[in-house]
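Trainee: Dropping the structure in here first, questions after.
The values are calculated or read from the model by the stated rules, or taken from the named source; none is laboratory data. Keep in mind that this is a model prediction, so the values were computed, not measured. Using ideal geometry, Cβ is built from the backbone for each residue, glycine included, and neighbour counts are taken over all protein chains shown.
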Amino acid sequence: MSILIQNGILVLPTGPIQADLRVAGGRIAELGPGLAPGASRVIDAQERLVFPGFIDTHTHFEMNKGFPNETADDWYTGTRAALAGGTTTVLDFAEPERGATLASALETWHGRADGAACCNYGFHMTVKDWSPSIRSELREMTAAGVTSYKVYLAYDNLRLSDAAAYEVVKAVGAEGGVVGCHCENGDLVTEGIRAQQAAGNLSPAAHPLSRPPAVEAEAVGRWLTIAELAGCPVNIVHLSTLRGLEAVRAARTRGQRLYVETCPQYLLLDERSYRLPGFESAKFVLSPPLRAQENCAALWDALEAGEIDTIGTDHCSFRFHGAKELGREDFSKIPNGIPGVEHRPSLMYTYGVAAGRITAVDMARLLAENPARLFGMYPQKGVLAVGSDADLVIFDPNDTGRITAETQYQNVDYTPYEGMALRGRVDTVLLGGEVAVEGGRVLLERRGRYVSRGPSGFWR
């Protein structure tokens, strides 16, 4: 059955327009004013915004398997929450074991996601080892629709040497893909943790002190130097600091092509969260940590200026009770990560669009179009256009409410955004042309499909 969305405000790249939109066969079939209903089911979107389905390009579902240090959200609960919040596609990180093949990680992640996911999904591939055999797998990964990768400059069990990272960037670039980087200086983080422990600072308040802004800024600069020498565009994930942003600006001034992601937590939360009574601050232990307010303000300015390209969540939902509590006696044992996949669109609308900091078109670009372009899904996804997949979000800008853990779909016992006021909410979501969410309630489950992605679509 075809569906006609009438009277909505379609958020197009060229600007919002009052028009109708018809979907048929899982794709957008028509756009325009006054479309005849015919045999289509009609959805009245009066006074509502119609966005392309949002894309979260930074999630971690079923991470660190093995109770109690494991994420609360598996592929079913995590993607169900994503869908409820208007996210129709997620990109998660397949992570091979040390010494294992990329293919083995891809098989494992397919085994977790296939048949469980409630929204569409794809995978970045984490590179923890680099060797001729890993290099030889890249062509196979491209054929399997994996065209983006991630490296770390921190964490002893994850990070590569600078030389290896350089080789990864060159090799992936030759395949038409892009590499993202977790930018923290791993050696300095290790020393920072040791210094806090030696001083007897073992509470969650020591977490941001162990990895100050300079640790990110150094790694951002080093990552961009690696990319410059490799001659390939790269991505920076979860940028959190003004100093890191300054390194980005300097590189762009030199003519480098690069892309930047930040997350709602670095725009809306700050280091005051580490001053909460008792052990409550453990809820906000993530990496990079929350920063001083001046960094939040700088990132908002960059967002408004078009210097930031995508907004992911880094959703990593360790429970407060059970998992986070592992670090009651030592902050370094608190699993790093916070949940957020469900609330990103409403937060960005409330504190971005409704607050006058960005436009609805900007929001569509940051949460849909740019992610689809950078990660090889455009124009199949990320835009309201004839022939594009009918992944759509009907958003009510007049609804009001508050975020609470009690009412969320996320399978975790808290939200870092508890009590925050919302203006606007996701009302209806179409996934592949079918109504998957209605009135904010998930109707279709386990209907997500794997997205085989093509080369990156660089625009800078």
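Trainee: Checking the structure you have, find out if any residue of segment 341-352 is assigned to a loop (DSSP other than H, G, I, E, B), out of contact with any Phe, Trp or Tyr (no Cβ under 6 Å at 6 or more places or on another chain) and among the polar types (S, T, N, Q).
Mentor: Taking segment 341-352 first, the residues assigned to a loop (DSSP other than H, G, I, E, B) are 341-343.
Imposing the further condition that a residue be out of contact with any Phe, Trp or Tyr (no Cβ under 6 Å at 6 or more places or on another chain) reduces the set to 341.
Still in the running and among the polar types (S, T, N, Q): none.
Checked segment 341-352: no residue is assigned to a loop (DSSP other than H, G, I, E, B), out of contact with any Phe, Trp or Tyr (no Cβ under 6 Å at 6 or more places or on another chain) and among the polar types (S, T, N, Q).
Trainee: Among (1) of a type in the set (A, V, I, L, M); (2) under 20 Å from the mean Cα position of the chain (by Cα); (3) not in a helix (DSSP H, G or I), where does residue 160 come up short?
Mentor: Of the numbered conditions (1) of a type in the set (A, V, I, L, M); (2) under 20 Å from the mean Cα position of the chain (by Cα); (3) not in a helix (DSSP H, G or I), the odd one out for residue 160 is (2).
Trainee: When residue 133 is evaluated against the numbered criteria (1) part of a helix (DSSP H, G or I); (2) within 16 Å of the chain's Cα centre (by Cα), which criterion, by number, is the only one it fails?
Mentor: Among (1) part of a helix (DSSP H, G or I); (2) within 16 Å of the chain's Cα centre (by Cα), the lone unmet condition for residue 133 is (2).
Trainee: Only residues in segment 151-163 that are not assigned by TED's automatic domain parsing to the domain that holds residue 222 and surrounded by fewer than 19 Cβ atoms within 10 Å (Cβ to Cβ) count as the first member; pair them with residues that are at pLDDT below 95 and in a helix (DSSP H, G or I), Cβ under 9 angstrom, at least 6 apart or cross-chain, and list the lot.
Mentor: The qualifying pairs do not exist here.
Trainee: Now a separate question. If you go through segment 36-52 one residue at a time, how many are in a loop (DSSP other than H, G, I, E, B), surrounded by 18 or more Cβ atoms within 10 Å (Cβ to Cβ) and touching a Leu at 6+ places or on another chain (Cβ under 9 Å)? Write out each step before concluding.
Mentor: Step one: of segment 36-52, the residues in a loop (DSSP other than H, G, I, E, B) are 36-40, 45-48.
With surrounded by 18 or more Cβ atoms within 10 Å (Cβ to Cβ) added as a condition, the list becomes 40, 45, 48.
Next, only the ones that are touching a Leu at 6+ places or on another chain (Cβ under 9 Å) stay: 40, 45.
Residues in segment 36-52 being in a loop (DSSP other than H, G, I, E, B), surrounded by 18 or more Cβ atoms within 10 Å (Cβ to Cβ) and touching a Leu at 6+ places or on another chain (Cβ under 9 Å): 2 in total.
Trainee: OK, next. Return yes when residue 348 is in the same structural domain as residue 259 (by TED's automatic domain parsing) and either of a type in the set (D, E, K, R) or in contact with a Gly (Cβ under 7 Å, 6 or more places away or on another chain) (or both) and no when it is not. It would help to see each step written out before you state the result.
Mentor: On the way: in the same structural domain as residue 259 (by TED's automatic domain parsing): yes; either of a type in the set (D, E, K, R) or in contact with a Gly (Cβ under 7 Å, 6 or more places away or on another chain) (or both): no.
No, not satisfied.
Trainee: Follow-up. Quick check on segment 410-418. Is at least one of its residues surrounded by fewer than 16 Cβ atoms within 10 Å (Cβ to Cβ), within 30 Å of residue 307 (Cα to Cα) and not assigned by TED's automatic domain parsing to the domain that holds residue 174? If you could, list the steps in order and put the result at the bottom.
Mentor: Pass one, segment 410-418, residues surrounded by fewer than 16 Cβ atoms within 10 Å (Cβ to Cβ): 418.
If we keep only those that are within 30 Å of residue 307 (Cα to Cα) too, we end up with 418.
Pick out the ones that are also not assigned by TED's automatic domain parsing to the domain that holds residue 174 and you get 418.
Yes, there is a match, as at least one residue in segment 410-418 is surrounded by fewer than 16 Cβ atoms within 10 Å (Cβ to Cβ), within 30 Å of residue 307 (Cα to Cα) and not assigned by TED's automatic domain parsing to the domain that holds residue 174.
Trainee: Spot the failing condition for residue 85; the list is (1) within 14 Å of residue 430 (Cα to Cα); (2) surrounded by fewer than 18 Cβ atoms within 10 Å (Cβ to Cβ); (3) in contact with a helix residue (DSSP H, G or I) (Cβ under 8 Å, 6 or more places away or on another chain), and only one is missed.
Mentor: Result: residue 85 passes all but (2).
Trainee: May I ask you to list the residues in segment 96-108 that are surrounded by 22 or more Cβ atoms within 10 Å (Cβ to Cβ) and within 26 Å of residue 368 (Cα to Cα)?
Mentor: none
Trainee: Looking at 175, 184, 140, which is the one that is of a type in the set (Asp, Glu), assigned by TED's automatic domain parsing to the domain that holds residue 103 and under 21 Å from the mean Cα position of the chain (by Cα)?
Mentor: Details: 175 fails: under 21 Å from the mean Cα position of the chain (by Cα); 140 fails: under 21 Å from the mean Cα position of the chain (by Cα).
Unique residue meeting the criteria: 184.
Trainee: Just checking, does segment 210-217 include any residue being modelled with pLDDT under 95 and in contact with a helix residue (DSSP H, G or I) (Cβ under 9 Å, 6 or more places away or on another chain)? Give the steps one after another, and end with the answer.
Mentor: To start, the set of residues in segment 210-217 that are modelled with pLDDT under 95 comprises none.
No, segment 210-217 has no match at all.
Trainee: Which residue pairs have Cβ atoms under 6 Å apart, sit 6 or more places apart or on different chains, and have a first residue in segment 30-52 that is under 10 Å from residue 6 (Cβ atoms) and a second that is at pLDDT below 95 and surrounded by 18 or more Cβ atoms within 10 Å (Cβ to Cβ)?
Mentor: As it stands, the answer is none, since no pair meets every condition given.
Trainee: Run residue 266 past the list (1) buried (at least 18 other Cβ atoms within 10 Å of the Cβ); (2) touching a residue at least 40 places away in the same chain (Cβ under 8 Å); (3) of a type outside the set (S, T, N, Q) and report the number of the one that doesn't hold.
Mentor: So the condition that residue 266 fails would be (2).
Trainee: Applying the selection to segment 308-326, what residues are out of contact with any Cys (no Cβ under 7 Å at 6 or more places or on another chain), without any contact (Cβ under 8 Å) to a residue 60 or more places away in the chain and surrounded by 20 or more Cβ atoms within 10 Å (Cβ to Cβ)?
Mentor: Narrowing segment 308-326 to residues out of contact with any Cys (no Cβ under 7 Å at 6 or more places or on another chain): 308-310, 315-326.
With the extra rule that they be without any contact (Cβ under 8 Å) to a residue 60 or more places away in the chain, the set shrinks to 324-325.
Within segment 308-326, just 324 meets the criteria.
Trainee: Six or more apart or on different chains, Cβ under 8 Å: which pairs go from a residue in segment 327-342 that's over 28 Å from residue 311 (Cα atoms) to one that's in a loop (DSSP other than H, G, I, E, B)? Could you list them?
Mentor: 327/204; 327/285; 327/334; 327/335; 328/279; 329/202; 330/202
Trainee: For segment 60-103, what are the residues that are aliphatic (A, V, I, L, M) and in a helix (DSSP H, G or I)? Quick ask: steps written out before the conclusion?
Mentor: Filtering segment 60-103 down to residues aliphatic (A, V, I, L, M) leaves 63, 72, 81-84, 90-91, 94, 100, 102-103.
Once the filter is applied, which keeps residues that are aliphatic (A, V, I, L, M) and in a helix (DSSP H, G or I), segment 60-103 yields 81, 82, 83, 84, 102, 103.
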